[in-house]
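See structure below.
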Amino acid sequence: MTDPVEREGGRPDQASCVGPDPKVPQRWALFLDIDGTLLHIAETPHGVHVDADLFDLVRRLHGAAGGALALISGRAIAEIDRLFAPLTLPAAGQHGLERRDAAGARHLHPLPRGGLDLARERIAALQSANRGLLVEDKGLSFAIHFRRAPALAALVGRAAEELLAVLGEGWRTQPGKMVVEIKPAGRDKGSAIAEFMAEPPFRGRTPVFVGDDATDEFGFAVVNRLGGVSVKVGDGESAARWRLDGVAGVRRWLERCVAAAPP
Ligand SMILES: [Mg+2]
């Protein structure tokens, strides 16, 4: 059994104790990243599959949290729905740029359109000149994956900066695991969690957020500020107060959360 390891002040050098229980509050609002948290990261974003055990776990967690469960991902919501079909859960996609609340209403962050057409041309050219790259146009953001061509990391970094110059004001880069995302500024996983927490059935509950990557740090910061439970998956510096060692550990821990939930 893997217990979350508490990190005082989020400093990995001060790992202090192994928690005796999941530390899940009675009335929790659960926010879960997908890739690297619930699912192992695949070579391509389309290479993942939600197995029956995970589907059932998420469905039971959603019930145990009184509906206060949201998936918080860099994927577009359409992709999240495809993965978890036929479930349509509250979700934030594209790092908070799109959100579906518990009532099913969609919220979209406006897209600064200035240099978008030219940027799309540049991205297409980048893809065709470097077959090892995988470029995703997610509608409100772009992702350049170099997992199949790690040697292109520096080139991708430079290309992302050039794209920012083309796109103009209001765009940012977001580095992740073997990926650089290019997205409008102003929304992130933390803002998405804060928005959910202002709405039923999340409002009044204690937020719990589990994630594995740099973009999840925005979520950890919000959850820490709200007095919630922040859980980093895997190694690396993090503001999260708890730690799980990988996807299998996350799933075991979540099973314990369901088991510990009041009827
Ligand atoms: Mg992740």
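Could you grab me the full set of residues in segment 164-188 that are aliphatic (A, V, I, L, M) and on the phi > 0 side of the Ramachandran plot?
Met178 - this is the single residue of segment 164-188 that is aliphatic (A, V, I, L, M) and on the phi > 0 side of the Ramachandran plot.
Can you tell me which residues in segment 208-235 are within 12 Å of the ligand (Cβ to nearest atom) and part of a loop (DSSP other than H, G, I, E, B)?
Scanning segment 208-235 gives Asp212, Asp213, Gly234.
Can you tell me how many residues within segment 146-171 are surrounded by 20 or more Cβ atoms within 10 Å (Cβ to Cβ) and touching a helix residue (DSSP H, G or I) at 6+ places or on another chain (Cβ under 7 Å)?
5
State all residues of segment 238-263 that are touching a helix residue (DSSP H, G or I) at 6+ places or on another chain (Cβ under 6 Å) and either among the hydroxyl-bearing types (Ser, Thr, Tyr) or not in a helix (DSSP H, G or I) (or both); if no residue qualifies, say none.
Result: Ser238, Ala239, Ala240, Leu244, Ala261.
Working carefully through the options Thr37, Thr44, find the one that is modelled with pLDDT under 95, under 29 Å from Lys183 (Cβ atoms), in the same structural domain as Gly249 (by TED's automatic domain parsing) and within 16 Å of the ligand (Cβ to nearest atom). Working first, answer last.
Values: Thr37 fails: modelled with pLDDT under 95.
Among Thr37, Thr44, only Thr44 is modelled with pLDDT under 95, under 29 Å from Lys183 (Cβ atoms), in the same structural domain as Gly249 (by TED's automatic domain parsing) and within 16 Å of the ligand (Cβ to nearest atom).
Can you tell me which of (1) loosely packed, with under 15 Cβ neighbours inside 10 Å; (2) touching a His at 6+ places or on another chain (Cβ under 9 Å) is the one Gln174 doesn't meet?
Condition not satisfied by Gln174: (1).
Any idea which of Ala194, Ala198, Ala185 is farther than 22 Å from Gln26 by Cα, free of Cβ contacts under 8 Å to residues at least 40 places away in the same chain and more than 16 Å from the ligand (Cβ to nearest atom)?
Just a single option satisfies the conditions, and that option is Ala185.
The values are calculated or read from the model by the stated rules, or taken from the named source; none is laboratory data. Quick caveat, the model's predicted, so the values are computed rather than measured. Every residue, glycine as well, gets a Cβ built from its backbone with ideal geometry; the counts of neighbours run over all protein chains shown.
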